[in-house]
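The values are calculated or read from the model by the stated rules, or taken from the named source; none is laboratory data. Everything numeric here is computed off the predicted structure, so don't read it as measured data. Neighbour counts run over all protein chains shown; Cβ positions are idealised from the backbone, glycine included. Areas reflect the complete protein model, heavy atoms only, side chains present, ligands, DNA and RNA absent. Shrake-Rupley method; radii C 1.70, N 1.55, O 1.52, S 1.80 Å.
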Amino acid sequence: MERPFAITLEVGSSRHNKTGTWRVERPVYVDRLPPCNDACPAGENIQGWLYHAESGDYESAWRKLMEDNPLPAVMGRVCYHPCQTACNRGKLDEEVGINSVEHFLGDIALDKGWMPETAATDTGRTALIIGAGPSGLSAAYHLRRLGHTVTIYEAGANPGGMMRYGIPKYRLPREVLDAEIRRIEAMGVEIVLNHKVDDLAAVLAEKRFDAVFLAIGAEIGKRAYVPAGESARILDAVSFLHSMEGQAPPLLGRRVAIYGGGNTAMDAARTAKRLGATDAVVVYRRTRDRMPAHDVEVEEAVEEGVEMRWLSTVKHADAGKLLLEKMTLDEKGMPTPTGEFEELEADSLILALGQEVDLELLRNVDGVVATDGVVQVDRNMMTGVPGLFAGGDMVPGERTVTVGVGHGKLAARNIDAWLRGTSFSKGGRPELADFDLLNTWYYSDAPQTVRAKLDVARRRSTFDEVVQGLDESNALFEARRCLSCGNCFECDNCYGVCPDNSVIKLGPGLRYEFDYDYCKGCGICAQECPCGAIKMVPESI
Amino acid sequence: MPFQPIKFYQTGSFVVGNRLLSEDQRSVQSSQARTNSLTLGHRACQGCGEALGARYALDAAMRATDNQMVVANATGCLEVFTTPFPETSWQIPWIHSLFGNSAAVGTGIAAALRSKGRQDIRVVAQAGDGGTVDIGFGPLSGMFERNDDVLFICYDNEAYMNTGVQRSGATPPAARTATTDAVGPHPGEDFGKGKNLPLIAMAHEIPYVATATVAELRDLEYKVEKAMSFHGARYIHVLVPCPLGWGSAPSDTIRLSRMAKETGLFPVFEAEGGEVTSVSNIRHQLPVEEYLRPQRRYQHLFRPQPDTETIGRIQAIADKNISRFGLLNGEPK
Ligand SMILES: Cc1cc2nc3c(=O)[nH]c(=O)nc-3n(C[C@H](O)[C@H](O)[C@H](O)COP(=O)(O)OP(=O)(O)OC[C@H]3O[C@@H](n4cnc5c(N)ncnc54)[C@H](O)[C@@H]3O)c2cc1C
Ligand SMILES: Cc1ncc(C[n+]2csc(CCOP(=O)(O)OP(=O)(O)O)c2C)c(N)n1
Ligand code: SF4
Ligand code: SF4
Ligand code: SF4
Ligand SMILES: [Mg+2]
């Protein structure tokens, strides 16, 4: 071949030079576990659904959420959102308002009438669920999605458990609760109301169901012995709040004292205020920072005029007044009496000292172990009786709607495996996407959007919902505050920053690949990935 | 106006792409169809800032000129690691000349195109800092003076890297190079030496001068595109960290570029006709120490004890830049 003067070789491309051989460490794409997901008791893939919400695709976001939790509109109102406490953005400016976006998605789904998917084919297997609280409803939903035939026996006149008979309307409007439960029923779950199971052994003996999930909650208000005069008026918070659903509200008088420091105490106090009490005073043995009630609940109660009496116990109750003893905290933080007393004017005393499980129905069942008043289950949510599962408030653990929903899901996945004669495994837990793995330079500075609240005057006198939802543009903004911890969100940074063009962009939704023929292993991509989705691993020699 | 960052879309325009932005708001580098002016298999060191900066700048120039572009390249790493005979990494019309004359070659190409009536083809000349501020300075100043229709891009890695890290007129004070060893009473490069080429270019009152770093891709692309909207002599000075010469981790190339800007040591601005028209504000200000410490060329400032006096003198340079260019509030003094 003719070549120009002094040229001995043909021009070739540097592609002949496979620089990948220089590498001692290789970058790999990983999906790490975002701390929010890790903290969600219902096991939601929060980062996963926010990813869709960020692009304004709310339906996909909602569907992703519904893979784990059938009650987003409820959740967006009542969940104590441990996800937000764990959120990495909290270390940057303020945590992502996950709960408010969930609230928005839950509402828009109800508005648009979106329906969850169900399995294409029925398995013909049957499951019985006892109790239509959040835990039972969640198990029912997940089992139905997997194609099983599900029946719920519910003692009450309406489904919902403590979501209806505990949590007041001003925090959870009943139309929202009803609509989300109706959606579960529309999937083919049968709820038999006014059907209390008194003797579980008898139900099991009928052998009508292939598996049973127990979720009867903890619905008996704990009684503490309070010495009282004959005409003292003492009620328990659970029955008091229960009576708000349809029954005539009890006569409380103008001055109401509430004994206890949990969320139930706050709800009872705020409800008393709304019923017309001039004074609603919470009496608690310890100090505010040791109170089990969540900060927002205490704040909202105080905003509405609820008063707090810290470091106090009720010694004696009489008509129109209480005798309180002042307490002090010892070095271990235990309240100890001081011998100092004071009087508090109160027409009635509401006890909010916790709840117990009614284990009566289990009396003839062999093999179920109850310790400290709660039923013991294994990691698969199964009791000592094969095929009998339990969850929610009646088993050990935190007592929240979200934990109940999570138990229901876990139980459903295990019941499904049980029904199919296989075993369910959660799969390996990915590495946590710690804050240190993020390159926060890349994120826009953006403070949290806060949900508006009803004005205080209306909160004191009506049961209207206190916390208002976000509108579309706010919800979108809030979703976009998510850092997408540990999971690629297709920002193209790795594709751009590689000096060796060794990142292959596969196209929208398809993510990227490394070209290991040429990647020299410099690690810029891993360092500059905003969300920590690239890991450098040593090459084996 | 400098490049206006797009806000509130999670990462806005800080990242290369961002799926939440519309296609026309995304960078050239995010596109699957980018030119890759510099392709795979080049022999630059791991984490080379110059390889990255050249691809960023030239891909943007290719888009801005509708692929009608010729590049003249000076000797230096950029030439050596891309064209070991008989291979080339260049996927654009590219010509090599000498260490000192890429501006002159660019001028010649522009003149030839003009006489052939091919005003549609644009010319870029490029060099390292040595090829720009030292040996290439005469031809470059002439190109500025004649206002030749060439965009000159300097990839500044602050020394002669290709030949083994000798000092150049762009080597910063206190930096160790092979010819400014870390020995004696004033180790490293002397204070008060060197040339600031962006300011010298401005003194020629050419249509457009800009500085940029590989840490802010969107800003760099914006400046290249803007430079291509002018005719006449234009100059862009890009800071490109060199892991070998700086003694830095290959993975730190972009981080160090970012820190150079955030400390104020490398002011990022643009100027038209000799006047500064915009500066890029510091977003999260850093003390110079954080920039110096990860680089082995400054390690004598930290061993055995931190040399607070010298570090203080470097901080004073940053502080002067900050007030001179108004890097904290966009108001130059
Ligand atoms: C006042 C109050 C406020 C609360 N606020 C919140 C909150 O804001 N956020 C939060 O996360 N959690 C809150 N909780 C806790 C939360 O409501 C419970 O943890 C949750 O409802 C438990 O769900 P579960 O399904 O286990 O039981 P439950 O909700 O108690 O439901 C049990 C269901 O089983 C039925 N049942 C019981 N026995 C039988 C039987 N023998 N046969 C048939 N059916 C039976 C009951 O009628 C009931 O419907 C609150 C609780 C109270 C009391
Ligand atoms: C006239 C002449 N003198 C010296 C050299 C050797 N030489 C080649 S490149 C280079 C230094 C390049 O430095 P710079 O321009 O900063 O580019 P870098 O390699 O740092 O990117 C030198 C001294 C030469 N090629 N020609
Ligand atoms: S930033 Fe997003 S992914 Fe990260 S913890 Fe918060 S909500 Fe989860
Ligand atoms: S930036 Fe490129 S060369 Fe460097 S490790 Fe990543 S893929 Fe490899
Ligand atoms: S740099 Fe961006 S595109 Fe690359 S893995 Fe990380 S998030 Fe995904
Ligand atoms: Mg150089």
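Here are the numbers for this structure:
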item: Within chain B, percent of DSSP bridges classed antiparallel, to nearest 5; result: 30
item: Angle in degrees between helix B:253-263 and the longest Cα principal axis of chain B, rounded to the nearest 10; result: 70
item: Computed P(r) (all Cα pairs; the stretch B:178-333; 10 Å bins; percent); result: 10, 36, 35, 16, 2, 0
item: Sum of -39500 (n - 2.57) over DSSP H runs of 4+, divided by residues of the protein assembly as shown (222 nm, nearest 500); result: -8500 deg cm²/dmol
item: Prolate/oblate/rounded call for the stretch B:269-332, Cα gyration tensor, a/c under 1.5 rounded; result: prolate
item: Mean separation of Cα contacts under 8 Å, 6 or more apart, over the residue count of the stretch B:111-160: relative contact order %; result: 50
item: Cross-link pairs A:K169/A:K222; A:K169/A:K409; A:K169/A:K315; A:K222/A:K321; A:K91/A:K453; A:K520/B:K223 - those with Cα-Cα distance over 31 Å; result: A:K169/A:K315
item: Taking all pairs of distinct alpha-carbon atoms in the stretch A:195-243, Kirkwood radius in angstrom; result: 14.7
item: Candidate residues A:S231, A:S423: accessible-area rank, largest first, probe 1.4 Å; result: A:S423, A:S231
item: Nitroxide proxy distance, nm - points 7 Å out along Cα→Cβ at B:H186 and A:D198; result: 10.1
item: DSSP beta bridges in the protein assembly as shown [antiparallel fraction, %, rounded to 5]; result: 40
item: Degrees, to the nearest 10: B:137-146 long Cα axis against longest axis of chain B; result: 50
item: P(r) of the stretch B:101-161 over all Cα-Cα pairs, binned every 5 Å from zero, in whole percent; result: 4, 21, 28, 21, 13, 8, 3, 1
item: Per principal axis, descending, Cα span of the stretch A:398-533 in whole Å; result: 69, 51, 27
item: Alpha carbon centroid spacing (whole Å) that separates the stretch B:219-233 from the stretch B:32-57; result: 20
item: Relative contact order (percent, whole number), the stretch B:23-325, Cα cutoff 8 Å, 6+ residue spacing; result: 17
item: B:R303-B:S229 FRET efficiency (beta carbon distance; Förster radius 45 Å; 0.05 resolution); result: 0.40
item: Cα-Cα separations in the stretch B:12-132 greater than 21 Å, expressed as whole percent; result: 44
item: Pairs of alpha carbons in the stretch B:23-325 whose separation is greater than 37 Å (percent); result: 11
item: Relative contact order, percent, chain A [alpha-carbon distance under 8 Å, six or more residues apart]; result: 23
item: Shape category assigned to the stretch A:82-230 from the gyration tensor of Cα positions, a/c cut at 1.5; result: oblate
item: Aspartates and glutamates with Cα under 19 Å of B:K195, excluding same-chain neighbours fewer than 8 positions away; result: B:D129, B:D134, B:E145, B:D156, B:E158, B:E205, B:E270, B:E275, B:D319
item: Unit charges on C-beta of K, R, D, E only; dipole of the stretch B:250-291, Debye; result: 180
item: Tail weight of P(r) past 25 Å, computed on alpha-carbon pairs of the stretch A:226-355, percent; result: 19
item: If the convex hull is drawn through the Cα atoms of the protein assembly as shown, its volume per residue in Å³; result: 230
item: Calculated diffusion of the stretch A:433-506, Stokes-Einstein form, Kirkwood radius summed over Cα pairs, 4 °C and 1.567 mPa s, µm²/s; result: 80
item: Helix B:49-64 vs. chain B, principal-axis angle (Cα, 0 to 90°, nearest 10); result: 30
item: Exercise: per-residue mean of other protein chain Cβ atoms within 10 Å, B:77-86; result: 2
item: Cut-off under 5 Å, modelled amide H: who pairs with A:H195 long-range; result: A:E154, A:A155, A:G156
item: Net charge of Cβ neighbours under 15 Å - reference B:E225; Lys, Arg +1; Asp, Glu -1; result: 0
item: Heavy-atom accessible area ranking, 1.4 Å probe, most first, across A:W22, A:W441, B:W246; result: A:W22, A:W441, B:W246
item: Three-way shape label, the stretch A:169-224, alpha-carbon gyration tensor, a/c 1.5; result: oblate
item: J(HN,Hα) series, the stretch B:67-84, from Karplus relation 6.51 cos²θ - 1.76 cosθ + 1.60, nearest Hz, glycine and proline x; result: 6, 9, 7, 10, 10, 9, 10, 7, 5, x, 3, 4, 7, 5, 7, 9, 9, x
item: Cα-only Debye scattering, the stretch B:1-74: base-10 log of I(q)/I(0) at q = 0.13, 0.15, 0.17 Å⁻¹; result: -0.48, -0.63, -0.78
item: GluC sites (Glu not before Pro) restricted to the stretch A:78-135 and DSSP loop, no more than 11 other C-beta within 10 Å; result: A:E117
item: Distribution of pairwise C-alpha distances over the stretch B:130-207, 5 Å bins, in %; result: 3, 15, 24, 20, 15, 11, 7, 3, 1, 0
item: Label point distance in nm, A:T328-A:R420, each placed 7 Å from Cα along Cα→Cβ; result: 6.3
item: Within the stretch A:33-59: backbone nitrogen closer than 16 Å to the A:T85 label point (7 Å, Cα to C-beta); result: A:35-43
item: Estimated vicinal HN-Hα couplings, Hz - the stretch A:245-255 in sequence order (Karplus 6.51, -1.76, 1.60; Gly, Pro = x); result: 8, x, 7, 5, x, x, 7, 9, x, 7, 10
